[in-house]
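The values are calculated or read from the model by the stated rules, or taken from the named source; none is laboratory data. None of these values were measured; they are calculated from a predicted model. No Cβ is skipped: glycine too gets one built from the backbone with ideal geometry, and neighbour counts run over all protein chains shown.
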Amino acid sequence: MKTPLLVSVVDDDESVRESLPDLIRELGFEARAFESAEAFLHSGYIAQTDCLILDLMMPGMGGQELALELRGRGIGIPIIFITANHSHGARLKMLNNEAITCLYKPFSDVDLSEALISAVQNMGGKHP
């Protein structure tokens with residue numbers, strides 16, 4: 001039996017950390033949630049993470065800073081940014097920083113599913 005791909009969610013919003021992993025699991029992935037970028041960096045799950053869903057705006061280290069930190073370490077995990085800020089400029093900036101996509105909160109199940117499939121294809125893997 002093949003182990004599902006791990007999607008790590010990093011978001012300071014507790015409701016997102018509680019609900020999003022359930023949806024990710026319904027889509028056939030494994031999921032872990034972290035309350036901050038720092039918590040993710042110290043978790044021991046970086047090497048196991050196949051896709052990262054990052055909130056753009058968080059206290060302390062934000063999603064963009066975490067993405068840059070990982071890239072600086074040579075870690076190329078596919079990233080899906082999520083944000084409540086509906087700025088087109090911010091979205092373009094994330095996409096230019098090699099993100100798979102940037103979803104605006106609230107986003108649909110279909111949008112998330114499509115983003116995760118794109119992330120898996122970006123890894124050269126297959127949907128679970």
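Here are the criteria: (1) under 13 Å from the mean Cα position of the chain (by Cα); (2) modelled with pLDDT under 95. Tell me which single one PHE40 does not satisfy.
For PHE40, the failing item is (2).
Being assigned to a helix (DSSP H, G or I) and either more than 22 Å from LYS105 (Cα to Cα) or under 12 Å from the mean Cα position of the chain (by Cα) (or both) is the filter here, so list the residues in region 17-37 that pass it.
Within region 17-37, ARG17, LEU20, PRO21, ILE24, ALA37 qualify.
Quick one: what pairs do we get from region 37-61, first residue closer than 16 Å to ILE82 by Cβ, second crowded, with 17+ Cβ neighbours inside 10 Å and hydroxyl-bearing (Ser, Thr, Tyr), C-beta under 6 Å, 6+ apart or different chains?
THR49/SER8; LEU52/SER8; LEU56/THR83
Condition check ((1) touching a Ser or Thr at 6+ places or on another chain (Cβ under 7 Å); (2) surrounded by 14 or more Cβ atoms within 10 Å (Cβ to Cβ); (3) at pLDDT below 90) across all residues:
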position: LEU54; (1), (2), (3): no, yes, no
position: PRO59; (1), (2), (3): no, no, no
position: PHE81; (1), (2), (3): no, yes, no
position: ASN85; (1), (2), (3): no, no, yes
position: GLY89; (1), (2), (3): no, no, yes
position: ASN97; (1), (2), (3): no, yes, yes
position: ASP109; (1), (2), (3): no, no, no
position: LEU116; (1), (2), (3): no, yes, no
position: GLN121; (1), (2), (3): no, no, yes
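Kindly provide the set of residues from region 1-22 that are exposed (fewer than 15 other Cβ atoms within 10 Å of the Cβ) and in contact (Cβ under 8 Å) with a residue 24 or more places away in the chain, ordered by number.
LYS2, THR3
Only residues that are farther than 14 Å from PHE81 by Cβ and in a helix (DSSP H, G or I): list them for region 1-16, please.
GLU14, SER15
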